[in-house]
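Below is one structure, written out as structure tokens; the observations come after it.
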Amino acid sequence: MLAVREFLNGLTKPQLKDLHTKAFGAQGLLNNAKILSETSSFFTDVARFESFYASLEPWKRFCIFLIYHSEMRGLEMNELRLAAPADKRDEVEVFLLESAKNLYIWRSRSEKGTYVYFGFEDFLKGILLTPENPADEKTRFLSYEDMLVWHLCQMLAFARLGKMKMNGAGNLHRRSLQFCEEAFSFSKQVSPDAIREECTLLLEFLSSHNWIEQRGMDLLVTEKTFDFLKHNGFRLKNEILEWWILRRFHGQEDFFRHVLFSIKRDASIIKAQQILWTLDPSSRLSLSETDVFWSSLPKPLAELWLLGMVEFAVSAGKISAVRLSDWAKTWLSASASPMLGAQISTLPNFEMIISVKSAPRVLFMAACLADVQNDEPYLRFSISRDSFLNGLKTGFSKEITESFEGWINAPENVRDAMSEWSACYYDSEFSSVRLLKINNAESREALANFPEFMQMVYEAIPNYGFIIKPAFESNIRELLKNYGLEPANPVNENPVEPFRNTDWSKEFWLRWTPEGTPDAAFKPETDGSSVSVALGATKYGGDYQKFAMVDLFKMLRYARSTNSFLEAKISSKNTDKNMKLPKLPSEIRFKVEELHFSKVPFIAKITVAPEGESLNLPLESISALRIARETPV
């Protein structure tokens, strides 16, 4: 973050003189060094900032709170308007400009011409040191620690077993996604939507690390993955976390530490939502002061739970409190995490009980060679002949299989059965060889009598040709040209391709405001008179407009996310005779509570003003719509 002194050092002499005059009044001719020193002393005064912060109206204090918690990302004015009350949004720009002029915050101009607002490093500590509000020790918290690692191993096992495929449109096949969603059931305790969020997170991690590759429509586990699980599997959890910090915090580890520090001090889920909203302003700030639904969480906060860094207190589908997990506390203290021994029990009835804290290599092998029966911190696997052989047929070597048998410390009857099944697979095998067929008998005989050529083949096949060594195929092709032979080049119909997809990448992506140079001109960001006229003609303006259904969806989502009132003209026509329309006046004023667009008819659950009546409004009945004026006419 930028310090006040750094900001002042970048100013021109006239700009610095203006700030000095603002602080001390006109004082005639002064030495430049004295101007800088006195100006710096005045504007770096922490007590001055704290007095300003304490004197603000709640909505203004909230804007400053959000700006400082956004740290290196910053927030644009339009993002801050979403956090302000509807009747105060016109005042946001004036307040931000005045705060910047007095160096309580600073701003930079982005490439698209908008301003991004930041806090000063000098005053960040005071914002972070909020009154402590620890979690109630009697509250039951739900942890997801190590479940993400297990699900990553399970997704890799699905790919290994041939269950992960792409469709013709370049997306993950619906059935493949269904395999994952049915398996990752533990997060349903918080919300069914958490499963899809986790799948997106895992797919983005795997594709960015090249741990899965695509051949035709099939997804295959790469050798790079096996190598990591074999040699570095113990640090898989930290590997995922480091990648996530890079993607969500752009590698700013101090920024991430400050977020964890704030959550450690205050168990309020509302406060945590507000802090991480600064990374995902597209999420909806909760109207409740006590709890939130999963759907209202900013993506980074939801992902922190999936990563196992925080724990949630959940009741009736609502999240009421948050706290750091033991792993997060260990990570914050920079102490080494304890290495846990194998937590595996294999029973005579061919069942295995394996903790999700076990080595990822063991989890991956177990998911390939046995059927998992549950999705909980202690996994129950069932070993059968079919599951074991299906796993072996994916190409595990005999040494790896024998190692797995040793890891699980199986009882004698289970060990004997696994050895018998292994013999069924390893005692016979098909192998592919490269054949060179020579139809000309003279050429075939000449090649058979050529010592250098015979060193590049395994053996000659009478009246047919040769079994060649694949490593020498290019040399053999060059040699055949001397005999007037030029066979066709091999065609690889399914080349290996990187595993990429724009769908889940777009879903995972969050905007990060670009860096810019500090602005000291302090000019208004917009011309209010021209904007108000232009805005009236847009879909977010104050004029009634008719919308196509797609634009109507966007309008309703916008109003729901900003908690804005809408005004609609209601049509009395009913295109669907089976649907009963509510009795409403020709014009209504309302707020959107819920949207149901998954099936026809499309419904918006609204609260009508001023009565406060809640009802389901079919979108077909809306003939025209506009953003409501702040005061009803």
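The numbers here are math on the coordinates, done by the rules we state, and not lab data. Given the structure is predicted, the values throughout are model-derived calculations rather than measurements. For neighbour counting, all protein chains shown are included, and Cβ atoms are generated from backbone atoms with ideal geometry for every residue, glycine included.
Separation of the stretch 13-53 and the stretch 224-293 by C-alpha centroid, Å?
39
If each DSSP helix of 4+ residues adds -39,500 (n - 2.57) and the sum is divided by the residues in the chain, what number results at 222 nm, nearest 500 deg cm²/dmol? Don't skip to the end; give the middle numbers.
On the way: 27 runs with 273 residues, N = 633.
Per the formula, -12500 deg cm²/dmol.
Report the calculated FRET efficiency for SER614 and ASN238 (r = Cβ-Cβ distance, R0 = 56 Å), to the nearest 0.05. Walk me through the numbers on the way to the answer.
Working: r = 47 Å, r/R0 = 0.84.
Computed FRET efficiency for SER614 and ASN238 comes out at 0.75.
Can you bin the chain into rounded, prolate or oblate? Criterion: square roots of the alpha carbon gyration tensor eigenvalues sorted a ≥ b ≥ c, rounded for a/c under 1.5, prolate for a/b above b/c, oblate for the rest.
prolate
Where does each of CYS153, CYS180 land when they are ranked from fewest to most other beta-carbon atoms within 10 angstrom? Could the numbers behind the result be given before it?
Numbers: CYS153 25, CYS180 21.
Listing CYS153, CYS180 from fewest to most nearby Cβ atoms yields CYS180, CYS153.
Around SER355, which amide H atoms from residues at least 5 apart in sequence, or from another chain, sit under 5 Å from its own amide H, with H modelled in the peptide plane?
GLN343, LEU379
Determine the equivalent ellipsoid of the stretch 430-496 by diagonalising the alpha-carbon gyration tensor, then write out the semi-axes as square roots of 5 times the eigenvalues, largest first, rounded to whole Å.
21, 14, 12
From the Cα gyration tensor of the stretch 344-426, with a ≥ b ≥ c the square roots of its eigenvalues, which class applies: rounded if a/c is under 1.5, or else prolate if a/b is larger than b/c, or else oblate?
Details: a/c = 1.63, a/b = 1.39, b/c = 1.17.
Prolate.
Hey, what do the phi angles of the stretch 162-171 turn into as Karplus ³J(HN,Hα) couplings, whole Hz, using 6.51/-1.76/1.60 and θ = phi - 60°, x for Gly and Pro?
Per-residue couplings from phi come out as x, 8, 9, 9, 9, 9, x, 8, x, 10 Hz.
Roughly what angle does helix 253-265 make with the longest principal axis of the chain, taking Cα atoms, 0 to 90 degrees, to the nearest 10?
So the inclination is approximately 70 degrees.
Taking the Cβ of SER320 as the center, what net charge do the other residues with Cβ under 14 Å away carry, scoring Lys and Arg +1 and Asp and Glu -1? Let's see the in-between values first.
On the way: positive: LYS138, ARG140, LYS271, LYS318, ARG323; negative: ASP136, ASP266, GLU289, ASP291, GLU311.
Its environment carries a net charge of 0.
Per 0.36 nm of contour for each residue apart, how much would the distance between PHE52 and GLU399 grow if the chain were fully extended, relative to their Cα-Cα spacing?
In short, 118.0 nm is gained.
By counting other Cβ atoms within 10 Å of each Cβ, how are LYS138, LYS299, LYS224 ranked from fewest to most? Please report the intermediate quantities before stating the final value.
On the way: LYS138 5, LYS299 20, LYS224 13.
Placing the least packed residue first, the sequence is LYS138, LYS224, LYS299.
In Å, what Kirkwood hydrodynamic radius results for the stretch 147-332 from the alpha-carbon pair distances? Walk me through the numbers on the way to the answer.
Details: mean 1/r = 0.0570 Å⁻¹.
Final number for the Kirkwood radius of the stretch 147-332 is 17.5 Å.
Among SER295, SER355, rank each residue by its count of other Cβ atoms within 10 Å, from fewest to most, as a rough exposure measure.
SER295, SER355
Can you tell me the length gained on complete extension of the stretch LEU435 to MET454, counting 0.36 nm per residue apart and subtracting the Cα distance?
Going from the current span to full extension adds 5.5 nm.
For PHE42, what is the net charge nearby, where nearby means another residue's Cβ is under 11 Å from its Cβ and Lys, Arg count +1, Asp, Glu -1?
Summing Lys/Arg as +1 and Asp/Glu as -1 gives 0.
Taking H as built 1.01 Å from N, whose amide H comes closer than 5 Å to the amide H of ALA609, not counting residues under 5 places away?
The answer is ARG589, PHE590, LYS591.
Helix 193-209: angle to the longest alpha-carbon principal axis of the chain, degrees 0 to 90, nearest 10?
Long axis of 193-209 versus the principal axis of the chain: about 60 degrees.
Would you please put 360-369, 454-463 in order of how densely packed they are, using the mean number of other Cβ atoms within 10 angstrom per residue and starting with the highest?
Working: 360-369: 24.5, 454-463: 12.9.
Per-residue mean Cβ counts within 10 Å order the peptides as 360-369, 454-463.
Restricting to Cα pairs below 8 Å that are 6+ residues apart, what does the relative contact order work out to for the chain? Please round to a whole percent.
Dividing the mean separation by the residue count of the chain yields 14 percent.
Write out the GluC sites (Glu not before Pro) in the stretch 355-458 meeting two conditions: DSSP loop, and at most 12 other Cβ atoms within 10 Å of their Cβ.
GLU429
Mark the label point 7 Å from the Cα of LYS605 along Cα→Cβ and return the residues of the stretch 164-200 whose backbone N is within less than 19 Å of it.
Residues 190-194 qualify, since their backbone N sits under 19 Å from the label point.
Translational diffusion coefficient, Stokes-Einstein: compute it for the stretch 118-231 using the Kirkwood radius over C-alpha pairs as Rh, at 25 °C and 0.890 mPa s, and state it as an integer in µm² s⁻¹.
144
Net charge near PHE381, counting Lys/Arg +1 and Asp/Glu -1 over other residues with Cβ under 10 Å of its Cβ?
-1
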